[in-house]
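Below you'll find the structure, written out as C-alpha cells, and then a few comments.
Derivation of every value follows stated rules applied to the coordinates shown; laboratory data play no part. Just so you know, these numbers come straight off a predicted model, no measurement behind them. Don't worry about glycine lacking a Cβ; one is built from the backbone with ideal geometry, like all the others, and counts go over all protein chains shown.
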Amino acid sequence: MSPFYNMQARSITGEQISFNYFQGQVVLIVNTASACGFTPQYAGLNELYTTYASQGFTILGFPCNQFGHQEPGDNQTIQLFCSQHFDIHFPLFEKIDVNGPNAHPLYQWLTKSLPGFWGRKVRWNFTKFLLNRNGQPIARYASSKKPDRLRKDIEKALRENC
C-alpha cells in the first residue's frame, strides 16, 4: 500500500481527513496561495475537478505561506476567498509548510519521491504533484504549468488500471 494512504491532514474547517479516503482515485496535490501571480490557476484547477471528479479524480489544495508571504490569512479567510472568488469545490486543507523542518509529512514524501529541477524543495506556490490510482506519485509540475495543460496526463492516469 502506498505511504500516501497512511497519511492525514486537517481540512480547512479543521476535520482530520485520512488520505485513505482517496484510495483508488487519481489525485492532484497543489500548494496554493491567495495573493500570488498564479492564484488565477484556482479557476483552472476547479474546472479540472468538475470535469473529471465523476471519473475518480480529485484535487487536494494545501494553502502555504512560505513563498513571498502570499497566503497570510487564517483558514477561515482562505476558505472564504476561495469560495467567493473561485467557487472552489475540491477539498482544501489547513495552511501548512511544504519545505523545511516543519514541512507536512505529505510534502516530505512527495518531494523525496519526485524531486524537481531544484532538488527536493518546492520552489513556489502552485507546484503540482499527480498520483495514480494506487497512490504513487507519477508527475510533478512547476508552478507555471497551467492546469489545462495537465488534462492529457490526468486522462491517461484515469484510464490506467494500476
Worksheet item: In region 72-92, what residues are under 15 Å from the mean Cα position of the chain (by Cα) and assigned to a loop (DSSP other than H, G, I, E, B)?
Response: Ile88, His89, Phe90, Pro91
Response to the item:
Over region 1-40, the set of residues within 13 Å of Thr58 (Cα to Cα) and loosely packed, with under 14 Cβ neighbours inside 10 Å is Tyr21, Gly24
Worksheet item: Residues of region 118-134 being assigned to a loop (DSSP other than H, G, I, E, B), touching a helix residue (DSSP H, G or I) at 6+ places or on another chain (Cβ under 8 Å) and within 19 Å of Val98 (Cα to Cα), which ones?
Response: Arg120, Lys121, Val122, Phe126
Worksheet item: Within region 41-70, restricting attention to residues that are touching a Phe, Trp or Tyr at 6+ places or on another chain (Cβ under 7 Å) and either of a type in the set (S, T, N, Q) or free of Cβ contacts under 8 Å to residues at least 24 places away in the same chain (or both), which residue is surrounded by the most Cβ atoms within 10 Å (Cβ to Cβ)?
Response: Gln41
